[in-house]
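A.B. asks: Take this structure, written in structure tokens, and hold onto it; I'll ask about it next.
Taken together, the values in this text are just the output of simple stated rules run on the coordinates, not laboratory data. What you see is a predicted model, and the numbers here were worked out from it, not measured in a lab. Don't worry about glycine lacking a Cβ; one is built from the backbone with ideal geometry, like all the others, and counts go over all protein chains shown.
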């Protein structure tokens, strides 16, 4: 057990004049307690107005991405004691419009995602009563791509996104490459169309923040590199 | 496609006109069932999907191990074998007409997922890979475990959920993310839409529809140790009850054998399917005593009871309330390739490296076999038996077809959700082709919902919602868990009534309209009180042990009296019961051993 | 999504040229270091350098080095400014200034190189 002070960045949309402010909550934290457990305990026992998104508690739904001690993480899989600090600052993820307390708008995330036509595009109809064949090697190319949970941690950490709110974002590039790399997909031109743009791929300056931010240890920068090469092949041959 | 015409919309008291929406179909829940139905219906009609969380946050994504289908990609398999396993797994309470449909259509549904782009793991030949799972066997139970569960590593639910979302995006399904359903509008046996709360912006919205589908999922959150998401509060069940409709077989709650110790987070059955052992304090593979043939791959109800018995008899690790799931002998390669997520979860939540150490696990509330009674086309039945509510459908965990009977087999839930979601979509399309006009929307449609929100926002009592919910969960785990008995259930029923009384005197800290989870959690707790009473009352009534319902005072199955489904209504303060027979076609009830 | 096309940046060709120019600079720099600091055995004096620079081969190398370095560096500068400058007029202005700088230096440097003579 250890007494931890949580410094939480709060914001109430009904009180614009006050704007953002920091509120402190002290909590006795035991081994194994995650930041989400702590936030829940604060909400349920100290202050019901503290607002944050959460759902699965197990790092698969992507709801509880927030900035904890300056780093974008999933609150549900961050152990409080592993942060090794008596003070833990918790803020909403940067770059997205604020909604309330730790909750941000996901609209930029969705807009970027939709731009890459995030679905399998095929031209040849599939066999009627069989699956399409895909070798284990072809399937292995999707590992590290399909696991994205759309938590938004990467795009929020990206300086290109901070500079350009219409930047499509590393999460969407990862998704685009998930399809471009799929042996079954026949629409790489369509996936790439929106990426060859001022708000697209060329805005990535290979800063690697997205890689560091990803709670699922995925590598959007690598995907972006592959997509750039693919675009060059398509445009220049 | 219907063109939106604000002029044609009825006035709904207390709701601004711009907050009245009209769609041919309104689906509540963006999990596998809801989105699979949306994919089906959106080809022809205007479909809206409401979800209390962003669609890809739905809890279907938490499913890990696989989706069952007798594809026979890895070895000989037949739908008849799958059917036998499902019937036996259900402890003969499953309706065999529905089960037959499910196992026959399963290969089609799985292959369609592949065609949509789901990244299934593959065999050497490039076909969808399949693995072993508990209760799935060869040759009508005579052979060993069979390779039937189609998987995408141990992220099958995630892969399926995201694939469906992608297809919905392609089909231009209209999503209303972070809309929380408040009430269902059913009048004179006709469903006319529903009322919902806009979580982000605040405000009551009315959805006027020709058809409504519930794919609202389960309610694991009424138990202390659960694999379920915090969002899984059984809202759809309560909304259905409040519309005067019954619930079926609510006493059957599945406890998954392997939840991570303390958090209850799921460790997929794939861990055992790939060869993991369960061991107690003495290091014994104790399943030898309970299921000598199928061992760790016996069905979940049996394995959970075995673990709980070991714990109760003091053979938990160090005498504590958990045992070990040991994967070490599988080796690092197999673990990282086939069970990467389990490795990640055990590390992140218990700091256990399952390549080097066994994982501490305990049974965890996982799945609801019961739910809203529906027919094989997912039409909700007003009497629970044969009479459908016009325009109201339910599919997935919130519904009870019943294909799982007293106990669900692993990988049959992803199958049921997507397969019956698809059937519901097709049934809705047929219904809409015959239904040209929107049903009339009563002007007081939103009254109950508005009153509920206002009551919570102005609550001036002294009781904390969090504290009451914690007590409810603790009491449900203690009194209505894996093992039940009459005395404990009666006591629990009384305690729940006391808690509900306290719930009427809650306080609230956040009275704003925008993104108010304080409000939502209070409403969700109200939903929980609606149906936990039915779980307990149903468990008390059913004086036998069958599937996941295990009464220590009635340890045997009693087909004479209890080979029938429970139907329960809430009428005022009272719970009313009715029963209906089980449909038996191919397999007569037999003693169930593994 | 809106697309602001005022002085459209990027594109596959620019990205590719940026990489190729970077590679070219790396090669030239390597040759520069090799020739000057490894292969040149005598003491480095004005005469030694001036003699070498006055040959046609080194004139070509140096002019191309100047042009490619300017293009590479100024394009890199533009890529960074591009993130933060959104107003159409400012973008045109910056693009113009960059183009003028590039042109002036390339012309001035080339003239200096071409006209450079030493000894004989």
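Results for (1) surrounded by 21 or more Cβ atoms within 10 Å (Cβ to Cβ); (2) within 14 Å of chain A (Cβ to nearest Cβ); (3) more than 24 Å from the chain's Cα centre (by Cα), shown as yes or no for each residue.
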site	(1), (2), (3)
B:43	no, no, yes
B:50	yes, no, no
B:58	yes, yes, no
B:63	yes, yes, no
B:66	yes, no, no
B:72	no, yes, yes
B:75	no, no, yes
B:88	yes, no, no
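A.B. asks: Could you identify the single residue in A:51, A:5, A:89 that is buried (at least 20 other Cβ atoms within 10 Å of the Cβ) and either more than 17 Å from residue B:516 (Cα to Cα) or within 13 Å of chain B (Cβ to nearest Cβ) (or both)?
C.D. replies: A:51
A.B. asks: Right, another one. Out of A:136, A:97, A:125, which single residue is closer than 30 Å to residue A:191 by Cβ and either under 18 Å from the mean Cα position of the chain (by Cα) or buried (at least 23 other Cβ atoms within 10 Å of the Cβ) (or both)?
C.D. replies: When all the criteria are applied, what remains is A:97.
A.B. asks: For region B:414-439, which residues satisfy the criterion of being part of a loop (DSSP other than H, G, I, E, B) and either crowded, with 16+ Cβ neighbours inside 10 Å or in contact with a strand residue (DSSP E or B) (Cβ under 7 Å, 6 or more places away or on another chain) (or both)?
C.D. replies: Answer for region B:414-439, where residues must be part of a loop (DSSP other than H, G, I, E, B) and either crowded, with 16+ Cβ neighbours inside 10 Å or in contact with a strand residue (DSSP E or B) (Cβ under 7 Å, 6 or more places away or on another chain) (or both): B:435, B:438, B:439.
A.B. asks: May I ask you to list the residues in region A:25-48 that are crowded, with 18+ Cβ neighbours inside 10 Å, free of Cβ contacts under 8 Å to residues at least 40 places away in the same chain and more than 9 Å from chain B (Cβ to nearest Cβ)?
C.D. replies: A:25, A:27, A:42, listed by residue number.
A.B. asks: Which one is nearest to the chain's Cα centre (by Cα) among residues in region B:97-107 that are closer than 11 Å to residue B:418 by Cβ and within 14 Å of chain A (Cβ to nearest Cβ)?
C.D. replies: Per the criteria, the residue is B:106.
A.B. asks: Against the definition (surrounded by fewer than 19 Cβ atoms within 10 Å (Cβ to Cβ), free of Cβ contacts under 8 Å to residues at least 40 places away in the same chain, within 11 Å of another protein chain (Cβ to nearest Cβ) and out of contact with any helix residue (DSSP H, G or I) (no Cβ under 7 Å at 6 or more places or on another chain)), how does residue A:82 come out, yes or no?
C.D. replies: So residue A:82 fits the description; yes.
A.B. asks: Check region B:500-515 and report whether any residue there is surrounded by 18 or more Cβ atoms within 10 Å (Cβ to Cβ) and without any contact (Cβ under 8 Å) to a residue 24 or more places away in the chain.
C.D. replies: Yes, the conditions are met somewhere in region B:500-515.
A.B. asks: Across region C:32-44, which residue is nearest to the other protein chains (Cβ to nearest Cβ) among those that are in a helix (DSSP H, G or I) and either touching a residue at least 60 places away in the same chain (Cβ under 8 Å) or exposed (fewer than 13 other Cβ atoms within 10 Å of the Cβ) (or both)? If you could, list the steps in order and put the result at the bottom.
C.D. replies: In the first step, residues of region C:32-44 are kept if they are in a helix (DSSP H, G or I); the result is C:32-39.
From what's left, either touching a residue at least 60 places away in the same chain (Cβ under 8 Å) or exposed (fewer than 13 other Cβ atoms within 10 Å of the Cβ) (or both): C:33-34, C:37-39.
Working: C:33: 26, C:34: 29, C:37: 31, C:38: 32, C:39: 35 Å.
Across region C:32-44, the extreme among qualifying residues is C:33.
This table checks each residue for (1) in a helix (DSSP H, G or I); (2) under 20 Å from residue B:151 (Cβ atoms).
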position	(1), (2)
B:50	no, no
B:53	no, no
B:65	no, yes
B:73	no, yes
B:83	yes, no
B:92	no, no
B:103	yes, yes
B:110	yes, yes
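A.B. asks: Do you know which of the residues in region A:139-160 that are over 23 Å from residue A:52 (Cα atoms) and within 13 Å of chain C (Cβ to nearest Cβ) is surrounded by the fewest Cβ atoms within 10 Å (Cβ to Cβ)? Even if it seems obvious, please write down each step before you answer.
C.D. replies: Restricting attention to region A:139-160, the residues satisfying the condition of being over 23 Å from residue A:52 (Cα atoms) are A:139-147, A:159-160.
Still in the running and within 13 Å of chain C (Cβ to nearest Cβ): A:159-160.
Details: A:159: 15, A:160: 21.
Here the residue is A:159.
A.B. asks: State all residues of region B:467-494 that are surrounded by fewer than 18 Cβ atoms within 10 Å (Cβ to Cβ) and more than 23 Å from the chain's Cα centre (by Cα); if no residue qualifies, say none.
C.D. replies: Answer for region B:467-494, where residues must be surrounded by fewer than 18 Cβ atoms within 10 Å (Cβ to Cβ) and more than 23 Å from the chain's Cα centre (by Cα): B:467, B:485, B:486, B:487, B:490, B:491, B:494.
A.B. asks: Follow-up question, since we're still on this one. Applying the selection to region B:454-478, what residues are assigned to a helix (DSSP H, G or I) and away from chain A (no Cβ under 14 Å)?
C.D. replies: Those that are assigned to a helix (DSSP H, G or I) and away from chain A (no Cβ under 14 Å): B:454, B:455, B:475, B:476, B:477, B:478.
A.B. asks: Tell me, please, whether a residue that is within 14 Å of another protein chain (Cβ to nearest Cβ), surrounded by fewer than 20 Cβ atoms within 10 Å (Cβ to Cβ), outside any strand (DSSP E or B) and within 26 Å of the chain's Cα centre (by Cα) can be found in region B:257-274.
C.D. replies: Yes, region B:257-274 has at least one match.
A.B. asks: Out of region A:8-24, which residues are closer than 18 Å to residue A:105 by Cα, within 14 Å of chain B (Cβ to nearest Cβ) and part of a strand (DSSP E or B)?
C.D. replies: Across region A:8-24, the qualifying residue is only A:10.
A.B. asks: Please determine, by comparing only the residues of region B:148-163 that are under 17 Å from residue B:337 (Cα atoms) and more than 10 Å from every other protein chain (Cβ to nearest Cβ), which one is surrounded by the fewest Cβ atoms within 10 Å (Cβ to Cβ).
C.D. replies: The selected residue is B:151.
A.B. asks: Every residue in region C:74-87 that is loosely packed, with under 14 Cβ neighbours inside 10 Å and either more than 12 Å from chain A (Cβ to nearest Cβ) or closer than 20 Å to residue C:109 by Cα (or both), please.
C.D. replies: C:77, C:87
A.B. asks: Do the conditions hold for residue B:200, that is, is it within 12 Å of chain A (Cβ to nearest Cβ) and surrounded by 24 or more Cβ atoms within 10 Å (Cβ to Cβ)?
C.D. replies: Considered against the rule, which asks whether it is within 12 Å of chain A (Cβ to nearest Cβ) and surrounded by 24 or more Cβ atoms within 10 Å (Cβ to Cβ), residue B:200 comes out as no.
A.B. asks: Tell me which residues, restricted to region B:322-354, are outside any helix (DSSP H, G or I), closer than 22 Å to residue B:225 by Cα and in contact (Cβ under 8 Å) with a residue 60 or more places away in the chain.
C.D. replies: Scanning region B:322-354 gives B:322, B:325.
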